[in-house]
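The values are calculated or read from the model by the stated rules, or taken from the named source; none is laboratory data. Given the structure is predicted, the values throughout are model-derived calculations rather than measurements. Please note: Cβ atoms are built from the backbone with ideal geometry, for glycine as well, and neighbour counts cover all protein chains shown.
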Amino acid sequence: MKIDHSQPLEYSTHQNQLNILGFWIFLGAEIMLFGTLFMGYFTLEGRTGAGPTPAQIFEITPVLIETFVLLTSSFTIGLGIHAMRLGRKNAMLSFFAITLLLGLVFLGVEIYEFMHYYHVGATYQTSAFTAALLTTLGTHGAHVTLGLFWGLFIILQVKKRGLTPQTANKSFIFSLYWHFLDVVWIFIFSFIYLKGMM
Amino acid sequence: MKKKWAFLSSMLAFVLVLAGCEPLMVLDPKGPQAAQQASDIMLSIGIMSFIVIAVLTILVVILFKYRASNQPDDYEPPHIEGNKWVEALCIGIPVLIVAFLSFMSVKSNYIVESAPVGYENEEPLVVYASSSNWKWHFSYPEEGIETVNYLYIPTDRPLEFKLYSFGPITSFWIPQLGGQKYAMADMVTTLHLGADEPGEYVGRNANFSGKGFAENTFNVTAMSQTEFDEWVQEVHEKAEPLTEEKFDELLEPGHLGQMTFTGTHLEFSPAPEHTHNDVSEEGNDSEEESDHSGH
Amino acid sequence: MEFFERFAIPHPSPAIYASMVAIALVTIGIIAGLTYFKKWGYLWREWLTTVDHKKIGIMYLISALLMLFRGGVDAIMMRAQLSVPDAELLDAQHYNEIFTTHGVVMIIFMAMPFIFAFMNLLVPLQIGARDVAFPRLNALSFWLFFAGAMLFNISFVIGGSPDAGWTSYFPLAGNDFSQHVGTNYYMIAIQISGIGSLMTGINMCTTILKMRAPGMTLMKMPMFTWSAFIANLIIVFAFPVLTVALLMGTTDRLFATNFFTSDNGGMDMLWANFFWIWGHPEVYILILPAFGLYSEIIPTFSRRNLYGYKPMVWSMVLISFLSFLVWTHHFFTMGQGALTNSIFSITTMAIAVPTGVKIFNWLFTMYKGKIRFTVPMLYSVAFIPLFTVGGVTGVMLAMSAADYQYHNTMFLVAHFHNTIIPGVVFAMLAGLTYYWPKFFGFMLNEKIGKWAFWSLTIGFVLAFFPMYITGLDGQARRMYTYSEATGFGPLNMVSFIGAAIMAIGFVLILWNVFYSFKNSSREIGSDPWDARSLEWATHTPIPEYNFARLPHVNSSEAFWDAKMNGHQLFRGEYEEIHMPSSSGVPFIMGMIFFVAGFSFVFSLWIPAVIALLGIFFCMALRSFEKDDGYHISVEEIKETERKLGGAK
């Protein structure tokens, strides 16, 4: 395995560069995935059947908490990658841990939010609108959940193996993933919640 | 190669003989919309045959001239990157053809999507054509009549079909009067047709809708306005009124023969309220849309 | 007992029972054979766990041929049923199931693996790479495809086949009108193989962007690689749409949501839109690699370079872009109004321009050439006029006002078979014949090959050209029968005869493989066709590392330059080669996906959850795994090269 020391650690082998490019292309596909979900949501938004409308079920507080927590976690993972570039393993691990904790809080609030929807009669089966809403949010939430496990595995690996080209590469790619989820959330926040509450 | 072309041309002749027995339905129009479509089709067949023949000729000439057996053993083909002018021609000619056809296509779109030309000053006859597995229900709201699986229409008068479905997506099609359009459960689509000549035409659901699809047909009889009025009169005298119970019975999956009723199901089971424009404008109205979905 | 009832066929027939017995016998036969000849270890080591792109390509190829057989039997049954009026060979339900599975199998489980086979076999060789960017992911892609294909194919013996058409329009495909599990199979099997396709897309794009040999700029890539690149780019952007559509369809069916229902705000048109936003690019995913293959074959047998390389590339880029802007033409008749139809009518016709450029460029490639009529070239030559017919009828269909008359008729059926068969299938058969010696070490017999070619071409014309006429005469597609009064009888009989002749052609191809395996010479060298691009520069059989030294490239026909103009392809000393190691995980994951899919089809939640956990466990395992591959030493390389006959 040839290691190119002129590059940052995560880019330092050919395979690492392939992994990063491949992941960017994957994110392109993810943009289409969420784009399609948004298209579906916008089409079905007004088709509430006998069920509630967006304005009737959205609550601002949990959404603001979720937004705040996820945006912060995106910042902390950025700090984590910065620490990684400086070679400060412990700082990096701490930031990653904080990121995952924030992600966990996000997920907790989202579960609360889903339960709230259930209680006000907006279940998965209620209408086309609720199905589109819960599928869009659920897909994002599932991504976060998967990310929590993935991040945990990476923390364990960095802890055990140290900062190698491989672990640095994985951490960097994970950070791309996490930032991407944050970007998706910004769209969800603006075009689903804010638009729905107005 | 020769064998192939001999074979192909004999095939073509065979097909033409077969097809020649009777004019093809789509190309034998009996109304203005169908005539427009038939002329579009013939025009495009003409232009397209020209293209196919051109490509075929170039191909045959090249294959014949540059086949290896026609050339000396030491012949070494040249390296040719491309030529600006040839390429401009290869792009230019198709662009012109496509531009012309696009123009024709757009023009025809507006023609078939509006009331048929020729009898604009006549009041259109509005017929609600709704499908259920595997039947067609035709409601004449102004005449107060409903038929099943057959359609009587006056000639020389615009026909406005309002299409929707009590089940899967179907497609209302009377080839000799004009092209088809979908009937769907949650909105009403409009199809403009017209008939020039009295006669019997076949109509069918063209969109696959399950087990009974093949037999999902109906008969169309075009007649003069006077005869049509007489028929309306006769129905009012003889037919039973359509009740809600009876209509629910009719909606059960299966095939029925032709039936006639007075009154229409629109009175107790109105057509969906959406049209295509509402939906694209993303109607935020939360009205109950399911009460007429029939299951 | 109640538990097992769900697996029963809702609508059995003797043919289905016979198939069950046949499937059981073949399975037992394979297991017994493998055991008797002690081949289990070989199968596991060399195939099930392989990550070698060449072997994966061959597995795709075999699967595609199997599925071609399956889809072909469906086709013959349909044509037989329609050959005479009021036939009673099949009833409506069976006919509906058969045309549905015919469509799905041919597009998703035949054409897709066929193009993936060629991408896997050729792309790394054409760009001078040792393997794809992510070999393990590549294996997983294959096994997901395989799991999806098997899941879909067991539907007709367990629980019933889907019967709502390959387009599966809702509400027909919803619970109200499609009550047995068939459509669940459709949703889930396509989902599983679709995930595999998406991963192949990512993998191939990365490979082509990052792993080209020294000197190979993008504009010096062989044309097939270009076509593969564009096709994979389309995959990356189109398949997620399908993923979402299938997800929504699945929840509608399994969890009673209301995306596409007629109640509670559901919108059946949304499915049609999503389906075709994926579906139209999908046809270009299939046709572009086919174009790529023709662009390799025509220059070789014209002994000339490809005319207009740059326009060829740009036309593909343009086609891929336009392919996302035309989906509405699949339902001009949905009542969007004249304006929307006009816009999509124009974008659709616009595709004819870049496609026309390609046709002319192939013609001019033969100009001043020295044309040899080998089997691959015959397919390519037949492709040009036949595909032109398919293309111009496409332009006719694009005229939306006239489309009201063509839509849902046999005219449409004739059109798309006219593009897919001479376009994709002929390309695959041409490619199969052309590349066969490279991958299997012997040539296919030319004489049998020509017989097969003529059967297929004549059969094709007989089978599909009459449909243009019956379509214009008002024969709707997907009707299981018609009455004598319609007059469709004679032409449908011609179609049936054509289909039967095509079937003979396919059988001849199989016979050719068998015959040539027994009789063909193995002394064919590494370049039997006198070809032009890099894949022919390595040995036959291809060593596992493809190229002992990476080639240096100066043009899109580097190998030809090396042969004719003294370009030096391989320079420098041998170096140690790093190779990825085999792994059983992709195969195991594929099998778990199969179990998960099966459980979802029948709503068996406990095994479904266990299987999903199994999938996550495999992913976690992969995350923690330290896999650095292995190295081939310089001595070993020298030894291999010497054995294969001279250093390269």
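Taking the options A:146, A:134, A:156, name whichever one is at the interface with chain C (Cβ under 10 Å from one of its Cβ atoms), in a helix (DSSP H, G or I) and under 20 Å from residue A:43 (Cβ atoms).
A:134
Number of residues in segment A:64-107 that are under 14 Å from residue A:144 (Cβ atoms), in contact with a Ser or Thr (Cβ under 9 Å, 6 or more places away or on another chain) and of a type in the set (A, V, I, L, M, F, W, C) equals 7.
Take residue C:503 and tell me if it is in a loop (DSSP other than H, G, I, E, B) and touching a residue at least 24 places away in the same chain (Cβ under 8 Å). No: the conditions fail for residue C:503. If the condition is being buried (at least 16 other Cβ atoms within 10 Å of the Cβ) and more than 17 Å from residue A:164 (Cβ to Cβ), then segment A:12-26 contributes A:21, A:22, A:23, A:25, A:26.
Contact annotation: residue pairs with Cβ atoms under 8 Å, 6 or more positions apart or on different chains, pairing a residue in segment C:81-92 that is hydroxyl-bearing (Ser, Thr, Tyr) with a partner that is surrounded by 18 or more Cβ atoms within 10 Å (Cβ to Cβ), are C:83/C:492; C:83/C:495; C:83/C:496. Test of understanding: among C:269, C:248, which residue is assigned to a helix (DSSP H, G or I), farther than 17 Å from residue A:28 by Cα, modelled with pLDDT under 95 and within 11 Å of chain A (Cβ to nearest Cβ)? Within the list C:269, C:248, the selection yields C:269.
The single residue among B:248, B:229 that is over 23 Å from the mean Cα position of the chain (by Cα) and farther than 30 Å from residue C:263 by Cβ turns out to be B:229. All conditions in (1) touching a His at 6+ places or on another chain (Cβ under 8 Å); (2) in contact (Cβ under 8 Å) with a residue 60 or more places away in the chain hold for residue B:201, with the sole exception of (1). Only one entry of C:520, C:526 meets the criterion of being in contact with a His (Cβ under 7 Å, 6 or more places away or on another chain) and not β-branched (Val, Ile, Thr), and that entry is C:526. Restricting attention to segment C:325-377 and to residues that are of a type in the set (S, T, N, Q) and outside any helix (DSSP H, G or I), the residue that is farthest from the other protein chains (Cβ to nearest Cβ) turns out to be C:374. For segment C:217-245, the candidate set comprises residues that are surrounded by 24 or more Cβ atoms within 10 Å (Cβ to Cβ) and not in a helix (DSSP H, G or I); within that set, the residue that is nearest to the chain's Cα centre (by Cα) is C:222.
Just one of (1) within 12 Å of chain C (Cβ to nearest Cβ); (2) at pLDDT below 90; (3) crowded, with 21+ Cβ neighbours inside 10 Å fails for residue A:9. It is (1).
Candidates in segment C:148-176 are the residues that are among the hydrophobic types (A, V, I, L, M, F, W, C) and within 18 Å of residue C:107 (Cβ to Cβ); of these, the one that is farthest from the chain's Cα centre (by Cα) is C:173. Evaluated against (1) over 15 Å from residue A:70 (Cβ atoms); (2) surrounded by fewer than 22 Cβ atoms within 10 Å (Cβ to Cβ), residue A:140 falls short on exactly one condition, (1). Taken together, the criteria place residue C:396 among residues that are of a type in the set (A, V, I, L, M) and within 14 Å of chain B (Cβ to nearest Cβ).
The single condition among (1) within 28 Å of residue B:236 (Cβ to Cβ); (2) away from chain C (no Cβ under 14 Å) that residue B:118 does not meet is (1). Please specify each residue of segment C:466-500 satisfying the condition of being at negative phi, not in a helix (DSSP H, G or I) and not small (Gly, Ala, Ser). C:473, C:475, C:477, C:479, C:480, C:481, C:482, C:488 - these are the residues of segment C:466-500 that are at negative phi, not in a helix (DSSP H, G or I) and not small (Gly, Ala, Ser).
Yes/no per residue for (1) more than 23 Å from residue C:466 (Cα to Cα); (2) at pLDDT 95 or above:
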site: B:18; (1), (2): no, no
site: B:21; (1), (2): no, no
site: B:24; (1), (2): no, no
site: B:31; (1), (2): yes, no
site: B:50; (1), (2): no, no
site: B:56; (1), (2): no, yes
site: B:62; (1), (2): yes, yes
site: B:67; (1), (2): yes, no
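The single condition from (1) farther than 17 Å from residue C:148 by Cα; (2) touching a residue at least 12 places away in the same chain (Cβ under 8 Å) that residue C:117 fails is (1). Here residue C:404 meets each of (1) within 30 Å of residue C:537 (Cβ to Cβ); (2) in contact with a helix residue (DSSP H, G or I) (Cβ under 6 Å, 6 or more places away or on another chain) with one exception, condition (1). Identification of strands (runs of 3 or more DSSP E) wholly contained in segment B:143-234 with 3 or more residues that are away from chain C (no Cβ under 11 Å) and either within 28 Å of residue C:94 (Cα to Cα) or aliphatic (A, V, I, L, M) (or both) yields B:217-223.
Residues are listed down the side, and each one gets a yes or a no for (1) in contact with a strand residue (DSSP E or B) (Cβ under 9 Å, 6 or more places away or on another chain); (2) under 27 Å from residue A:160 (Cβ atoms); (3) surrounded by fewer than 18 Cβ atoms within 10 Å (Cβ to Cβ):
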{"site": "C:560", "(1), (2), (3)": "no, no, no"}
{"site": "C:565", "(1), (2), (3)": "no, no, yes"}
{"site": "C:607", "(1), (2), (3)": "no, no, yes"}
{"site": "C:627", "(1), (2), (3)": "no, yes, yes"}
{"site": "C:635", "(1), (2), (3)": "no, no, yes"}
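Scanning segment C:16-45 for residues that are touching a residue at least 60 places away in the same chain (Cβ under 8 Å) and among the small types (Gly, Ala, Ser) yields a count of 1. When residue C:444 is tested against (1) in a helix (DSSP H, G or I); (2) under 26 Å from residue C:223 (Cβ atoms), exactly one condition is not met: (1). Scanning segment A:143-185 for residues that are surrounded by fewer than 17 Cβ atoms within 10 Å (Cβ to Cβ) and of a type in the set (S, T, N, Q) returns A:145, A:164.
Does residue C:199 count as of a type outside the set (D, E, K, R) and surrounded by fewer than 23 Cβ atoms within 10 Å (Cβ to Cβ)?
Criteria not met by residue C:199.
In segment B:65-78, the condition of being more than 7 Å from every other protein chain (Cβ to nearest Cβ), surrounded by 11 or more Cβ atoms within 10 Å (Cβ to Cβ) and in contact (Cβ under 8 Å) with a residue 12 or more places away in the chain is met by no residue.
Filter segment A:54-107 for residues that are under 12 Å from the mean Cα position of the chain (by Cα) and among the small types (Gly, Ala, Ser); which is nearest to residue A:141 (Cα to Cα)? Among them, the one singled out is A:103.
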